[in-house]
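Single-structure report; data block below.
The values are calculated or read from the model by the stated rules, or taken from the named source; none is laboratory data. Keep in mind that what you see is a predicted model, and the values were worked out from it rather than measured. Neighbour counts run over all protein chains shown; Cβ positions are idealised from the backbone, glycine included.
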Amino acid sequence: MGNDIARQLAHLDEEEAVTRIVAHLDRFWDPRMRRTLQALAAAGDDTLDPRLAAAARRL
Amino acid sequence: MTTLDQPALGEPGGYAPEPDLGTPPVASQADATVTIDGRQVTVPAGTSVMRAAAVAGIDVPKLCATDSLKAFGSCRMCLVEVDGARGTPASCTTPCADGMVVSTQTEQVQRLRRNVMELYLSDHPADCQGCARGSCEMQAMAVTVGAVEARYGNGRDHLAESSYDASNPYFDYDPAACIVCSRCVRACGEVQGTFALTVEGRGFDSRITPGGTDFLSSECVSCGACVQACPTSALQEKSLIELGMPTRVVDTTCAYCGVGCSFRAEVQGTGEDTQVVRMMPAKTGGANEGHSCVKGRFAYGYTNHPDRQLHPMVRDSIDDEWRVVSWEEAVAKAADGFSAIQRDHGVGAIGGISSSRCTNEEVYVVQKMVRAAFGNNNVDTCARVCHSPTGYGLNQTFGTSAGTQDFKSVEQADVVLLIGANPTDAHPVFASRLKRRLRQGAQIVVADPRRIDLVHGPHVEAAAHLPVLPGSNVAFVNAMAHTVVTEGLHDEAFLRERCENVDSYLAFIARPENSPEATEEVTGIPAEQLRAAARLYAEAPNAAIYYGLGVTEHSQGSTMVMGMANLAMITGNIGREGVGVNPLRGQNNVQGSCDMGSFPHELPGYRHISRPEVRAIYEDLWGRTLDPEPGLRIPNMFDSALAGTFRGLYVQGEDIAQSDPNTQHVEAALRSMDLVVVQDLFLNETARFAHVFLPGTSFLEKDGTFTNAERRINRVRPALPPRQGKDEWQITCDIAAAMGFPMPYAGAHEIMDEIAATTPTFAGVSFARLDAEGSMQWPVTDAAPHGTPTMHVGEFVRGKGNLVETVYVPTTERTNRRFPLVLTTGRILSQYNVGAQTRRTANQTWHPEDILEIHPADAHVRGISTGDLVELSSRVGSTTLRAEVSERMPAGVVYTTFHHPVTGANVVTTENSDWATNCPEYKVTAVEVGVANARGLTDAEAAARDEREPAGRS
Ligand code: SF4
Ligand code: SF4
Ligand code: FES
């Protein structure tokens, strides 16, 4: 699901895409989903889009 | 209509039909003042003498005229004398001229009328049933003009031997009673736009026929406009034949689709014994102006279907039998269960889902209960699975989540761009309006994979049909905008004055990858055809976009909504009548349920939950602190349920087990929960997983409001008290109270008062104001005290319109060798959504099962013929249904509806969803189709038939 968001923003440069992903997750995601995502990112889950992972670390 | 031995119409408390002024209103700047029978009256110039007389309180006898149809002038009943003019002109076809002096009751015209009437009566059965029922306008007219004896014969119709046609499940046609006034023929053409009826033969031998066959086998779509128009009992509702005339009227609103038609429920009896005789569309209804479709007019039988549940029930496990209990016990079990889950698993472990079928008031209290009594934001609505991308997309671009126009606006449109919607089936009354506009010369471009009826039909010929391949909408809309911008057809002045991000958007859209040539392969639309359509749209004085679920239910649904908003903005087609971006909403109250804060991130009025000043409004009023973080959306609830962190769910009037994608996943999630509370009319699919069942009310028992797709707030008024003994909002309030948060209201009107007090766009709304005004379109504020038919006039709600770069990103759902076809889904006229209501009515006659439509070439290579049972399979599941080989579909795409649980089309749809809102991607699934093994039903299907639908799948 998060990967879908990253895919939509793939045309932007890295910094802007990550900022927008963070904003989207803040606005629309339940905190427990954000925590799950953070945990996946921390564990280095390689199914995460790298920009999503970057966003997760910034949440 | 009255007879002498029945109480007069219009008596206080009695039944009266809606007034009929004889001919339609005329819009004119100039006035004409005329004198009729000594009374002076001023009307718009061009108004008929008949209508002017009616306005002055004088009824001129009439038979072939009715105010929903253009004057016809055939019956000669309405003759009048005009000072200074020769002869006796027909008042229905004579326009008023200033200073005219008219007499409607001279001896000469009275004699002429009597003669005409006696002629009619001589060819009319003396024992006509319409007389006895008192439903016949002609009989009343005969009394008025004093034609009592038939001097020309003994009243026996020469068509008496013709066949009585009872084939339609809702109305009968009795040719013997027909006077060939052709009101029905004209209604079918002018009002409905189907043109199913014709006059056959000439003179004395002429008769009405639905194309030489019976009504059921004809082109008739059973809208009932002809029945409503018929002045005799030749066309008559079966229910009226059975029950007799109604005795009272309740003004209310249809509970089916997002058109939100106003109805007069014409009923007999009072209290619990109330029986609906017929539903009559109200001419005063803002959305429908006297018209309706087969669902609203006829398909109300589900409200007292034997499957309807009238008692609360509980059980400890979903394998147990249901046990009927008192309201107190059921409410206590729900409340205690929810509290226990929160104690053991945290505040966020429970949530609620509200229904777009319920009233604003019922939906509002659900989100209030979740936010204040549950103390979290885990509230979502079934709009998630249909129009959540509309919410996101229109909010980002225009600043609010709503269609920009009223329905009437289409009467000013010159070009209509219809995308991913099939209004003749899903929004029939809007379709009738649209078709009327097309007959007047407006053009339509249909962008839809399927060749829907509006591509080609009676008096409708689309300027273009663009069969956009499922999944390529954004590429398509970008190519449209690219053409507009690169060919210099955009409205530079509008963009500079009204919009922002103009330069970056124009640069983005002009990029070669967005050109029709570059996207041709993805969209399947030849570049030249697309360019022509774009020019047509851009060059029209007024061009309007209408769209449906074919836009939203995609992985890029939200992007597509923004793409359409972009297209409207770059051409300046926003902020006046005849233009705009208009979602055609599925269910009756999708708009309302979204408005009422049913989304986990938004309070009522689309205000984000993170805004402290908005939370403060509710915290002060409710005395509870609100959680500033968004809660779970429906798909997230299911995921969290499977993960064990979400364990209790309250579901109001929504069959999530059937209507949500990937049924297996949903069922597993529901199974894993500790407490599922279902509130519904029927023991639906979701109730199979429930522990508490709370019976709901039908729209005939509700007091409240629905908001339709044009933001029109319409009143729903009870024709009878709740059959299960409790208002639905009260049930929700009882649960909240049992959890320690009382929500006391003396009635639904107090809930609306709270909504108005806390939501700026509803500030001027109250039941009293709605009763006085009929309906109002939000925003209703100090600045717009009567509501707002057209939005974004002069300025967008967000200030400047926001042009968003809409990059096309293909869906991950791809066809391959194993699944080479794309499945897309839709609706059919006679059925509604998952069919819980319509399947329990005679609408089953037209659509007893879901059908798979497949292109002849695809069918041929698979050896499939029409009528074959075929297996439809995708990566996630398979189901069996009957095939229809159809050229409506492009090669490579198959289509089905999802009205029947036994088909379970959602068994095959995937978990893909819109990136921004999680709206499921129902419209794109890679599938394969093959002839099913020659066999009957599978065990599972048989079980579905037997168990899920306990009684009478009539
Ligand atoms: S019911 Fe509607 S579609 Fe059918 S014949 Fe009458 S007007 Fe036409
Ligand atoms: S068009 Fe929609 S709202 Fe109107 S009668 Fe039909 S179902 Fe009801
Ligand atoms: S009502 Fe005027 S001619 Fe029939």
Worksheet entry | Evaluation of B:LEU394 against (1) not in a helix (DSSP H, G or I); (2) not assigned by TED's automatic domain parsing to the domain that holds B:GLY605 (one fails), failing number | (1)
Worksheet item: Of the residues B:VAL363, B:VAL370, which is within 14 Å of chain A (Cβ to nearest Cβ), assigned to a helix (DSSP H, G or I), out of contact with any Leu (no Cβ under 8 Å at 6 or more places or on another chain) and buried (at least 18 other Cβ atoms within 10 Å of the Cβ)?
Response: B:VAL370
Worksheet entry | Failed item, numbered, when B:GLY644 is tested on (1) more than 12 Å from chain A (Cβ to nearest Cβ); (2) on the phi > 0 side of the Ramachandran plot | (1)
Practice prompt. Take B:HIS691 and decide whether it is more than 25 Å from the chain's Cα centre (by Cα) and modelled with pLDDT of 95 or more.
Written response: yes
Discussion item. Residues to consider are B:ARG86, B:ARG39, B:ARG76, B:ARG114; find the one that is within 41 Å of the chain's Cα centre (by Cα) and away from ligand 2 (no atom under 16 Å from the Cβ).
Written reply: B:ARG76
Worksheet item: Is it the case that the stretch B:173-189 has a residue that's outside any helix (DSSP H, G or I) and either away from ligand 3 (no atom under 16 Å from the Cβ) or within 14 Å of another protein chain (Cβ to nearest Cβ) (or both)?
Response: yes
Worksheet item: Going by the structure shown, is B:GLY201 farther than 17 Å from B:PRO428 by Cβ and either within 14 Å of chain A (Cβ to nearest Cβ) or near ligand 1 (Cβ under 10 Å from one of its atoms) (or both)?
Response: no
Practice prompt. Taking the residues in the stretch B:194-236 that are within 16 Å of ligand 2 (Cβ to nearest atom) and of a type in the set (S, T, N, Q) as candidates, determine which candidate is surrounded by the fewest Cβ atoms within 10 Å (Cβ to Cβ).
Written response: B:GLN228
Worksheet item: Do the conditions hold for A:LEU25, that is, is it in a helix (DSSP H, G or I) and either within 12 Å of another protein chain (Cβ to nearest Cβ) or aromatic (Phe, Trp, Tyr) (or both)?
Response: yes
Discussion item. Quick check on the stretch B:454-473. Is at least one of its residues touching a His at 6+ places or on another chain (Cβ under 7 Å) and among the polar types (S, T, N, Q)?
Written reply: yes
Fill in: Enumeration of residues in the stretch B:414-433 that are more than 14 Å from the chain's Cα centre (by Cα) and surrounded by 23 or more Cβ atoms within 10 Å (Cβ to Cβ)
B:VAL415, B:VAL416, B:LEU417, B:LEU418, B:ILE419, B:GLY420
Discussion item. Restricting to the stretch B:341-355, name every residue that is touching a residue at least 12 places away in the same chain (Cβ under 8 Å) and assigned to a helix (DSSP H, G or I).
Written reply: B:ILE341, B:GLN342, B:HIS345, B:VAL347, B:GLY348, B:ALA349
Worksheet item: Which number in (1) over 41 Å from the mean Cα position of the chain (by Cα); (2) outside any loop (DSSP other than H, G, I, E, B) marks the one condition that B:GLY99 misses?
Response: (2)
Worksheet entry | For B:LYS408: the one exception among (1) in a helix (DSSP H, G or I); (2) touching a helix residue (DSSP H, G or I) at 6+ places or on another chain (Cβ under 7 Å) | (2)
Fill in: Checklist (1) touching a Ser or Thr at 6+ places or on another chain (Cβ under 8 Å); (2) of a type outside the set (Val, Ile, Thr); (3) surrounded by 24 or more Cβ atoms within 10 Å (Cβ to Cβ); (4) within 14 Å of chain A (Cβ to nearest Cβ) applied to B:CYS358, failing item
(4)
Response to the item:
Contact list, first residue from the stretch B:63-90 and away from chain A (no Cβ under 14 Å) and among the aromatic types (Phe, Trp, Tyr), second anywhere and part of a loop (DSSP other than H, G, I, E, B) and away from ligand 2 (no atom under 16 Å from the Cβ), beta-carbon distance below 9 Å, six or more apart or interchain, is B:PHE72/B:CYS64; B:PHE72/B:ALA65; B:PHE72/B:CYS92; B:PHE72/B:THR93; B:PHE72/B:CYS181; B:PHE72/B:SER182
Worksheet item: Can you tell me which residue in the stretch B:56-73 is nearest to ligand 2 (Cβ to nearest atom), limited to those that are over 34 Å from the mean Cα position of the chain (by Cα) and closer than 15 Å to B:THR104 by Cβ?
Response: B:ASP59
Practice prompt. Select, from B:GLU613, B:GLU577, the only residue that is surrounded by fewer than 24 Cβ atoms within 10 Å (Cβ to Cβ), among the acidic types (Asp, Glu), away from every other protein chain (no Cβ under 14 Å) and part of a loop (DSSP other than H, G, I, E, B).
Written response: B:GLU577
Item to complete: Look through A:ALA43, A:ALA6, A:ALA53, A:ALA17 and report the one residue that is surrounded by 21 or more Cβ atoms within 10 Å (Cβ to Cβ) and more than 13 Å from every other protein chain (Cβ to nearest Cβ).
Response: A:ALA53
Discussion item. Name the single residue that is farthest from the chain's Cα centre (by Cα) among those in the stretch B:287-307 being of a type outside the set (D, E, K, R) and surrounded by fewer than 24 Cβ atoms within 10 Å (Cβ to Cβ).
Written reply: B:PRO306
Fill in: Residue among B:LEU700, B:LEU621 that alone is more than 14 Å from every other protein chain (Cβ to nearest Cβ) and more than 29 Å from the chain's Cα centre (by Cα)
B:LEU621
Worksheet item: Given B:THR806, B:THR781, which one is out of contact with any Leu (no Cβ under 9 Å at 6 or more places or on another chain), among the hydroxyl-bearing types (Ser, Thr, Tyr) and buried (at least 17 other Cβ atoms within 10 Å of the Cβ)?
Response: B:THR806
Worksheet item: Restricting attention to the stretch B:149-164, does a residue exist that is touching a helix residue (DSSP H, G or I) at 6+ places or on another chain (Cβ under 9 Å) and modelled with pLDDT of 85 or more?
Response: yes
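Here's the yes/no breakdown for (1) closer than 27 Å to B:ASP320 by Cβ; (2) buried (at least 23 other Cβ atoms within 10 Å of the Cβ); (3) among the polar types (S, T, N, Q):
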{"site": "B:LEU683", "(1), (2), (3)": "yes, no, no"}
{"site": "B:PHE689", "(1), (2), (3)": "yes, no, no"}
{"site": "B:VAL692", "(1), (2), (3)": "yes, yes, no"}
{"site": "B:PRO695", "(1), (2), (3)": "yes, yes, no"}
{"site": "B:LYS702", "(1), (2), (3)": "no, yes, no"}
{"site": "B:ARG711", "(1), (2), (3)": "no, yes, no"}
{"site": "B:VAL716", "(1), (2), (3)": "no, yes, no"}
{"site": "B:GLN724", "(1), (2), (3)": "yes, no, yes"}
{"site": "B:GLU728", "(1), (2), (3)": "yes, yes, no"}
Worksheet item: Of (1) touching a residue at least 12 places away in the same chain (Cβ under 8 Å); (2) among the charged types (D, E, K, R); (3) surrounded by fewer than 24 Cβ atoms within 10 Å (Cβ to Cβ), B:GLU553 satisfies all except one. Which?
Response: (3)
Worksheet item: So which residues in the stretch B:87-104 are under 20 Å from B:GLY73 (Cβ atoms) and exposed (fewer than 15 other Cβ atoms within 10 Å of the Cβ), if there are any at all?
Response: B:GLY87, B:ALA97
Worksheet item: Here are some residues: B:ILE545, B:ILE634. Which one is closer than 25 Å to A:LEU37 by Cβ, of a type in the set (A, V, I, L, M) and surrounded by 24 or more Cβ atoms within 10 Å (Cβ to Cβ)?
Response: B:ILE634
